[in-house]
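So the structure is just underneath, and the comments pick up after that.
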Amino acid sequence: MFNKTLMAATIGALMAGTAALPAAAQDDDINTLRMAYDADPVSLDIHEQLSGGILQLSHMTFDPLVRWTQDLEFEPRLASDWEQVDDTTLRMTLREGVSFHSGNTLTAEDVVWTVDRLKRSSDFKAIFEPIDKVTAVDEQTVEFQTEKPYPLLLNLATYIFPMDSEFYTGTDDDGDPKDEIVKNGNSYASKHLSGTGPFTVTEHQPGNRMEFERNPNYWDDDSPGNVDRIVLTPISENATRVAALLSGDVDFIAPVPPNDLERVREDEDANLVTMSGTRIILFHMNQERVEAFQDPKVRKAFTYAINQEGIADRLMKGFATPAAQFSPEGYAGHVPDLEIRHDMEKAQELMAEAGYEDGFEITMMAPNNRYVNDAKIAQAVSAMLARINVDVDLKTLPKAQYWGEYDDRAADMMMIGWHSDTEDSANFHQYLTECPDTETGGGQYNAGNYCNPELDELVREANLEIDQEKRAEMLQEVEQTLYDEAAFVPLHWQDLAWASASHIEIEPILNVMNFPYLGDLVINDE
Amino acid sequence: MIAFLIKRLFHALLVMFVISVIAFAIQDNLGDPIQQMVGQSVPESERAQLREELGLNDPFLVQYLRFAINAAQLDFGYSYIFNQPTTEVIARHLPATLELVASATFLIILLSVPIGVYSAIKPRAWLSRFFMGVSIVGISIPVFLTAIVLIQIFAIGVSWTPFPADTAWGAWLNDLVTTEGGMPAYGRGDPVHVIGTWYTNFASPRGLLYLVLPAISLASIMLPLFIRLIRAEMLEVLQSDYIKFARAKGLPLSRIYFLHALKNTMLPVITVGGVQIGTLVAYTILTETVFQWPGMGLMFLDAIERSDIPLIVTYLMIVGLIFVITNTVVDLIYGLVNPTVKLTGKPA
């Protein structure tokens with residue numbers, strides 16, 4: 001390897017030459033957080049897309065009415081107090097003395113304006129469907145009215161980041177309305193931002209770099225946060241993102257890829273935080289395409305044949321929590337007693353009972369760059385199914401191509417990962433196991449074609465039940481039934497991982513939703 | 001000369017036309033851009049509406065004609081992921097790639113000429129054999145690996161203690177194989193603004209530092225090829241009559257090697273080399289991904305991952321254009337160095 005050695009010598013010389021130069025000018029008085037995510041937010045318009053990146057941006061530059069704590073409780077933010085006036089009305093009191101980046105003061109009108117805009121956004125409109133009317137009672141009070149009782153209003157309030165209605169009203173230089181939501185194009189809101197949040201955006205180069213500065217007039221005086229400036233760089237390549245942290249080029253990275261967890265954990269200067277996540281990874285078994293899947297015994301045999309614990313342990317290196325149901329712990333519908341099914345003998349027995357002792361052939365599809373180790377998991381699953389004589393023809397695709405195939409239900413078994421936007425159990429059933437109906441949009445991702453109208457009815461009732469305890473019982477019944485009928489093959493909840501330089505306390509500001517509350521981040525002296 | 005350039009201009013247009021047709025024809029296999037634009041829970045009706053708005057439901061010919069008519073007016077459409085005209089997006093990413101390719105080219109020339117010439121003059125010396133052996137290894141190591149190893153050694157640092165640390169010589173040897181790290185592992189740092197969309201890394205020593213590792217990785221692909229090419233050509237030239245005659249005449253060896261022989265050696269090297277430098281632009285995709293270098297390669301990979309069809313098509317057309325331009329420049333230079341070659345193809 002002489003040419004490499006020669007290069008090394010060249011670099012050595014170069015480094016010696018530059019060592020005397022001061023590193024990039026550092027001002028000691030300000031705390032700068034250099035962070036790297038796998039992607040940067042697609043736009044500055046927080047209503048343009050419902051995605052992790054946009055929500056992370058929302059929590060940096062705006063504040064929600066209420067937000068989730070680490071234990072999935074509600075914490076007051078811009079709404080200082082709330083009460084359920086009657087079954088269909090929720091009254092919220094806004095915090096006083098909150099101003100936007102532009103200097104305008106937050107009022108109830110801003111909240112009304114924001115919800116109206118959310119109801120126009122193609123991505124948020126479905127979630128905000130239940131809200132019928134929002135009215136500003138006075139400057140600091142706002143009332144949410146629903147047509148029917150709706151138990152998840154507070155969950156929705158975590159998505160309401162009041163926007164500066166005055167700032168976003170009027171027309172821009174091109175004569176387009178400033179509040180317009182444009183998916184693909186140059187809207188005013190996608191380039192300009194005024195929120196109430198802890199940081200203002202000072203620079204935005206899409207795909208390259210984003211800079212934030214602390215909002216000097218931030219309302220939350222109790223926040224321990226001491227970060228004055230944030231530089232966000234998207235680094236999509238896993239190995240490079242980890243290298244950037246270990247070499248000290250950045251102070252905070254997310255996500256940490258499972259293959260590098262050990263390396264980061266062992267590094268003295270790095271601080272690794274992992275959490276069991278809420279995104280369920282599962283396989284659908286298409287009953288329309290494969291007759292055998294209509295038999296619950298066959299479906300059960302499949303769940304018994306697949307070793308979820310093995311996948312979580314060995315393939316995911318412990319970076320996943322094996323699952324037997326949709327709802328992770330902490331969700332209303334979570335049933336603690338559901339045991340993970342893994343018993344190869346039982347699987348073989350069940351197949352024999354169903355009359356498929358000799359197995360059959362199926363096709364399977366999975367993405368190869370969407371979830372952690374997705375293609376590898378699919379390979380492992382198809383190998384496990386071979387043991388009950390099921391011959392799997394597996395095809396893995398990049399996510400850009402995969403979703404088109406998914407919409408066409410192009411294979412007998414298809415992989416999907418799902419995170420409930422409302423952090424609530426009902427959402428899983430509505431999208432993944434409700435009887436598919438193109439009219440109502442129910443079961444939009446139900447590639448198994450599983451259909452149980454009784455469950456649909458139960459979930460509909462649960463979504464009208466204000467009594468949270470009763471509601472939880474109903475949702476648990478749904479999970480139990482899905483488990484008993486083996487509606488799908490649950491695999492695991494994908495864990496989350498972040499890492500930072502050791503003098504940065506990231507643990508208190510992280511949560512399972514993966515919106516780090518960077519406004520409260522504390523950087524200690526090195 | 002003018003006729004030649006006009007002919008090349010038509011070549012360029014033809015290449016860009018063919019590329020755009022092919023890129024357009026395969027777009028259905030590149031995935032659904034709508035999927036990338038909306039959240040997972042957005043209902044199908046909303047998606048259908050968006051698809052209609054973007055004109056994705058029109059037949060192929062209608063879509064292509066709309067694109068071609070706009071492209072003829074230098075409007076190549078809007079990038080889905082950057083929400084900007086594709087030409088603007090590419091203009092912003094182009095300088096980073098060109099600077100990286102320029103630095104790699106500089107490294108290649110700086111190293112390959114002396115090494116190639118040396119191993120041709122002294123083909124049996126152990127150092128020459130060593131160079132040749134290494135270049136075989138070098139040519140077979142993927143750039144991805146080279147880059148990651150470089151990052152580990154020079155950015156993160158390795159501490160390795162194979163020798164007993166308690167002895168003086170052991171400690172000294174350990175120090176020798178242990179690196180501190182500290183080189184930048186990703187990105188361009190804070191490049192200096194020059195003009196328009198051009199930010200440069202060449203203006204400050206700190207900026208140059210960011211270039212070192214990516215440039216070395218990129219150069220490592222072509223370096224072995226150039227060393228072998230120069231060596232082979234030089235060996236052949238050294239056998240020719242005029243060199244033997246020059247020796248017989250008693251000219252100093254250095255003059256024979258570096259003036260008379262090297263000149264003729266470089267003729268084919270320029271042709272092959274010029275085309276290869278064009279290829280380097282394509283190789284930047286890998287290097288830029290590993291080092292998160294914000295150039296066209298990284299942008300292209302992003303565009304593919306997120307099915308940004310307008311950006312993919314524009315990028316491919318521009319890379320096609322770059323190939324035609326490098327070929328043209330190579331032909332021009334070749335004409336200058338070798339007067340027996342007539343560009344227009346007429347006999348001399």
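The values are calculated or read from the model by the stated rules, or taken from the named source; none is laboratory data. Since we're looking at a predicted model, the values are computed, not measured. No Cβ is skipped: glycine too gets one built from the backbone with ideal geometry, and neighbour counts run over all protein chains shown.
With respect to the conditions (1) over 28 Å from A:Ala472 (Cβ atoms); (2) of a type in the set (Val, Ile, Thr); (3) away from chain B (no Cβ under 14 Å), A:Thr438 falls short on a single one, namely (3).
For (1) closer than 30 Å to B:Leu229 by Cα; (2) buried (at least 19 other Cβ atoms within 10 Å of the Cβ); (3) without any contact (Cβ under 8 Å) to a residue 60 or more places away in the chain, each residue gets a yes or a no:
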| residue | (1), (2), (3) |
| --- | --- |
| B:Val275 | yes, no, yes |
| B:Glu288 | yes, yes, no |
| B:Gln292 | no, yes, no |
| B:Gly295 | yes, yes, no |
| B:Met299 | no, yes, no |
| B:Glu305 | no, no, yes |
| B:Ile312 | no, yes, no |
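Out of everything in the stretch B:33-49 that is out of contact with any Phe, Trp or Tyr (no Cβ under 6 Å at 6 or more places or on another chain) and in contact (Cβ under 8 Å) with a residue 24 or more places away in the chain, what residue ends up being farthest from the other protein chains (Cβ to nearest Cβ)? Of everything passing the filter in the stretch B:33-49, B:Gln36 is farthest from the other protein chains (Cβ to nearest Cβ). Taking (1) polar (S, T, N, Q); (2) surrounded by fewer than 20 Cβ atoms within 10 Å (Cβ to Cβ); (3) touching a residue at least 40 places away in the same chain (Cβ under 8 Å) in turn, A:Ser80 satisfies each apart from (3). Going through A:Thr202, A:Thr233 one at a time, which residue ends up being over 20 Å from A:Phe62 (Cβ atoms) and either among the β-branched types (Val, Ile, Thr) or in a strand (DSSP E or B) (or both)? None of the other options fit; the residue is A:Thr233. Got at least one residue in the stretch A:464-479 being assigned by TED's automatic domain parsing to the domain that holds A:Glu288, of a type in the set (A, V, I, L, M, F, W, C), more than 25 Å from B:Pro43 (Cα to Cα) and touching a Lys or Arg at 6+ places or on another chain (Cβ under 6 Å)? No, the stretch A:464-479 contains no residue that is assigned by TED's automatic domain parsing to the domain that holds A:Glu288, of a type in the set (A, V, I, L, M, F, W, C), more than 25 Å from B:Pro43 (Cα to Cα) and touching a Lys or Arg at 6+ places or on another chain (Cβ under 6 Å).
Contact map, the stretch B:186-211: first residue crowded, with 22+ Cβ neighbours inside 10 Å, second residue outside any strand (DSSP E or B) and of a type in the set (Lys, Arg), Cβ cut-off under 6 Å, separation 6 or more or different chains; pairs are B:Asn201/B:Arg188; B:Tyr210/B:Arg188.
The sole residue among A:Tyr150, A:Tyr159, A:Tyr188 that is of a type in the set (Phe, Trp, Tyr), touching a Pro at 6+ places or on another chain (Cβ under 9 Å) and free of Cβ contacts under 8 Å to residues at least 60 places away in the same chain is A:Tyr188.
Looking only at residues in the stretch B:156-198 that are assigned to a loop (DSSP other than H, G, I, E, B) and β-branched (Val, Ile, Thr), the one that is farthest from the other protein chains (Cβ to nearest Cβ) is B:Thr167.
In the set (1) away from every other protein chain (no Cβ under 14 Å); (2) surrounded by fewer than 20 Cβ atoms within 10 Å (Cβ to Cβ); (3) not in a loop (DSSP other than H, G, I, E, B), the condition left unmet by A:Phe212 is number (2).
Among residues of the stretch B:58-88 being touching a helix residue (DSSP H, G or I) at 6+ places or on another chain (Cβ under 6 Å) and part of a helix (DSSP H, G or I), the one that is nearest to the other protein chains (Cβ to nearest Cβ) is B:Thr86. Against the definition (within 21 Å of the chain's Cα centre (by Cα) and surrounded by fewer than 18 Cβ atoms within 10 Å (Cβ to Cβ)), how does A:Asn238 come out, yes or no? Judged against the criteria, A:Asn238 is a match.
Could you please give the count of residues in the stretch A:365-385 that are touching a residue at least 60 places away in the same chain (Cβ under 8 Å) and farther than 26 Å from B:Gly39 by Cβ? Matching residues across the stretch A:365-385 total 5. Counting only residues that are under 35 Å from the mean Cα position of the chain (by Cα) and assigned to a loop (DSSP other than H, G, I, E, B), the stretch A:349-387 holds 7 of them. Restricting attention to the stretch A:139-185, the residues that are within 14 Å of another protein chain (Cβ to nearest Cβ), part of a loop (DSSP other than H, G, I, E, B) and touching a strand residue (DSSP E or B) at 6+ places or on another chain (Cβ under 8 Å) add up to 2.
Mind counting the residues in the stretch B:135-157 that are surrounded by 13 or more Cβ atoms within 10 Å (Cβ to Cβ) and without any contact (Cβ under 8 Å) to a residue 60 or more places away in the chain? So the count comes out to 8.
List, please: which pairs have Cβ atoms under 9 Å, are six or more places apart or on different chains, and start with a residue in the stretch A:46-58 that is more than 10 Å from chain B (Cβ to nearest Cβ) and touching a residue at least 40 places away in the same chain (Cβ under 8 Å) and end with one that is surrounded by fewer than 19 Cβ atoms within 10 Å (Cβ to Cβ) and in a helix (DSSP H, G or I)? If the second residue must be surrounded by fewer than 19 Cβ atoms within 10 Å (Cβ to Cβ) and in a helix (DSSP H, G or I), no pairs are left. The number of residues in the stretch A:263-273 being free of Cβ contacts under 8 Å to residues at least 40 places away in the same chain and more than 11 Å from every other protein chain (Cβ to nearest Cβ) comes to 2. Name, by its number, the condition in (1) closer than 30 Å to B:Val38 by Cβ; (2) surrounded by 16 or more Cβ atoms within 10 Å (Cβ to Cβ); (3) not basic (Lys, Arg) that does not hold for A:Glu75. For A:Glu75, the exception is condition (2). Hey, any hits in the stretch A:515-522 for a residue that's buried (at least 22 other Cβ atoms within 10 Å of the Cβ), under 30 Å from A:His342 (Cβ atoms) and hydrophobic (A, V, I, L, M, F, W, C)? No - not one qualifying residue is present in the stretch A:515-522. For the stretch A:233-247, taking the residues that are closer than 16 Å to A:Val372 by Cα and not aliphatic (A, V, I, L, M), the one that is nearest to the other protein chains (Cβ to nearest Cβ) is identified as A:Glu237. Checked against the criterion of being more than 24 Å from A:Glu339 (Cα to Cα), within 21 Å of the chain's Cα centre (by Cα) and of a type in the set (D, E, K, R), the candidates A:Lys395, A:Lys399 yield just one match: A:Lys399. Per the listing B:Gly182, B:Gly157, B:Gly170, B:Gly187, the residue uniquely within 20 Å of the chain's Cα centre (by Cα), at pLDDT below 85 and farther than 30 Å from B:Leu235 by Cα is B:Gly187.
Please verify whether A:Val250 is of a type in the set (Val, Ile, Thr), part of a strand (DSSP E or B), within 14 Å of chain B (Cβ to nearest Cβ) and within 30 Å of A:Arg214 (Cβ to Cβ), treating the condition exactly as stated. Judged against the criteria, A:Val250 is not a match. With respect to the conditions (1) in contact with a strand residue (DSSP E or B) (Cβ under 6 Å, 6 or more places away or on another chain); (2) acidic (Asp, Glu); (3) crowded, with 18+ Cβ neighbours inside 10 Å, A:Asp421 falls short on a single one, namely (1).
Among the residues of the stretch A:69-76, none qualifies, meaning not one is in a helix (DSSP H, G or I), in contact (Cβ under 8 Å) with a residue 12 or more places away in the chain and polar (S, T, N, Q). Among the residues of the stretch A:223-239, those that are closer than 16 Å to A:Gly207 by Cα and in contact with a helix residue (DSSP H, G or I) (Cβ under 6 Å, 6 or more places away or on another chain) comprise A:Ile235, A:Glu237.
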